[in-house]
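K.L.:
Quick one: structure below, then a few questions.
Each value in this text was obtained by applying a stated rule to the coordinates, not by laboratory testing. Everything quoted here is computed from the prediction, not taken from an experiment. Neighbour counts are summed over all protein chains in view; Cβ atoms, including those assigned to glycine, are modelled from backbone coordinates with ideal geometry.
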Amino acid sequence: MSALFTPIRVGQLELANRIVIAPMCQYSAVDGCMTDWHLIHLGYLALSGAALLTIEATAVLPEGRITYADTGLWNDATLAAMARTLESVRRWSPIRIAIQLAHAGRKASTEVPWKGGKQIPADQHNGWHTLAPAAIPFQASDRAPVALDRGGLARVREGFAAAALRAAQLGIDAVQIHGAHGYLLHQFLSPLSNTRTDEYGGSLENRMRFPLEVFAAVREAFPPERPVTMHVSGTDWAEGGWDIAQTIAFAQALEARGCTAIHVSSGGLTPSQKIPVGPSYQVPLARAVKGATGMPVVAVGLITEFDQAEAIVGTGEADLIALARAILYDPRWPWHAAAHLGAHVQAPDRYLRSQPRQYPDLFDIGH
């Protein structure tokens, strides 16, 4: 039996296989509200045969958006827009759905990527003042963010918790907290961006404090039977920054507090990063975390080939693999992987006629 297509239990959540669709920002929302693009995008991916579909980085507060076109979940309007999208997706697909809750911190207030992605000053249309652990900009050309005071920290914590409550109201199966890619929680973790001198800065214990407080707030707000997971950058790929040893310590602290799984990628904290990009380049980071914790670990990053994914799971380097660009390019990647590996995958009844003759057992028609 293919390891990639073996079911797995993540907390109390049963997943049909080990393929996760990673959260991918679409920059197509209006005032935080999902649009028809999200229905097309998520609906199409929901028919892929993957086990879990993760909604893109969803801002818990308006100022936590990466761009003015980010999806949010901070009020009744954003809740209603997401509810409409999910109702349509669920009508046609049984796929499990997770959501990534996020705050961009100093990397907020930017233009959408296809228009350059540069930071928009607060005094210009679609711009606002950014927030961070310390008044250190991401790019030297950016305006320095405002360092969060105690009131600001409380507002962010409460924003994450309130968004988790809304996610529960929407019936979402799992929450992933975004603590990676240089966004706010990662900014607290890394000594390159966190130069605070209070109890939230300095030592590793102090730098982990606020991300752990956010995790605790989300865990308390979200139903106890549903998973709360964390997305981390295993390293900053920069001298003096966050590294795998600190990631392992953070993962162990999360596990002790009830974290159900951890998704390990890397980078995004500093423009000076030097990333050795190549197939499976982040898998060693996932393997290191898996060796030091007992919770399921998700590997991601240039996982594009079927045998490559099978080997990652089959050799125990990670428990699940996440696909992003690969599944945008080939939205039927899980179908093709199942055919290649001699496994089967769930497909809509309307598509059963497409089953190739050489793969008579590809589709699970017993659902």
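K.L.:
What helices does the chain have that are whole DSSP H segments, at least 27 Å long along their own axis by Cα, and with mean Kyte-Doolittle hydropathy of -0.5 or more?
P.N.:
The answer, listed by residue number, is 150-169.
K.L.:
Suppose the Debye formula is applied to equal point scatterers at every Cα of segment 89-180; what is log10 I(q)/I(0) at q = 0.19, 0.21, 0.25 Å⁻¹?
P.N.:
With one equal scatterer per Cα and no solvent, log10 I(q)/I(0) is -0.98, -1.06, -1.21.
K.L.:
A further question on this structure: Kirkwood hydrodynamic radius for segment 1-84: how many Å is it when counted over pairs of different Cα atoms?
P.N.:
Roughly 14.0 Å, rounded to one decimal.
K.L.:
If you don't mind, there's one more thing I want to ask. Counting just the Cα atoms, what span does segment 235-275 cover along each of its three principal axes? Round to the nearest Å and put the largest first.
P.N.:
For segment 235-275, the Cα extents along the three principal axes come out at 34, 17, 11 Å.
K.L.:
Report, in cubic angstrom per residue, the convex hull volume of the C-alpha atoms of segment 150-300.
P.N.:
Enclosed volume per residue, from the Cα hull, is 108 Å³.
K.L.:
Here's another thing I want to ask about it. Can you return the aspartates and glutamates within cross-link range of LYS274? Criterion is Cα-Cα under 15 Å, with same-chain partners fewer than 8 residues away left out.
P.N.:
Result set, ordered by chain and number: ASP236, GLU239, ASP243.
K.L.:
So what's the Cα pair-distance distribution over segment 13-299, bin width 10 Å, in %?
P.N.:
7, 30, 38, 22, 3, 0
K.L.:
Relative contact order for the chain using alpha-carbon pairs under 8 Å, separation at least 6, rounded to a whole percent?
P.N.:
Contact order relative to length: 16 percent.
K.L.:
Also, quick follow-up: Testing the spin-label approximation: label points 7 Å from Cα along Cα→Cβ at ARG357 and GLU87. State their distance in nm.
P.N.:
Placing both labels 7 Å along Cα→Cβ, they lie 4.5 nm apart.
K.L.:
Once each part is reduced to its C-alpha centroid, what is the distance from segment 298-344 to segment 5-64 in angstrom?
P.N.:
For segment 298-344 versus segment 5-64, the Cα centre distance is 17 Å.
K.L.:
May I pose another question? Taking the DSSP beta bridges in the chain as the whole, what percent of them are antiparallel, to the nearest 5? Present the calculation step by step, with values, prior to reporting the outcome.
P.N.:
Numbers: 5 of 41 bridges.
Bridges in the chain that DSSP calls antiparallel: roughly 10 percent.
K.L.:
Next question, about the same structure. For segment 172-190 and segment 201-271, what is the separation of their C-alpha centers, rounded to whole Å?
P.N.:
One Cα centre to the other: 7 Å.
K.L.:
Follow-up. Could you work out the Kirkwood radius for segment 307-367, taking every pair of different alpha carbons, averaging 1/r and inverting it, reported in Å?
P.N.:
On the way: mean 1/r = 0.0785 Å⁻¹.
Kirkwood radius, segment 307-367: 12.7 Å.
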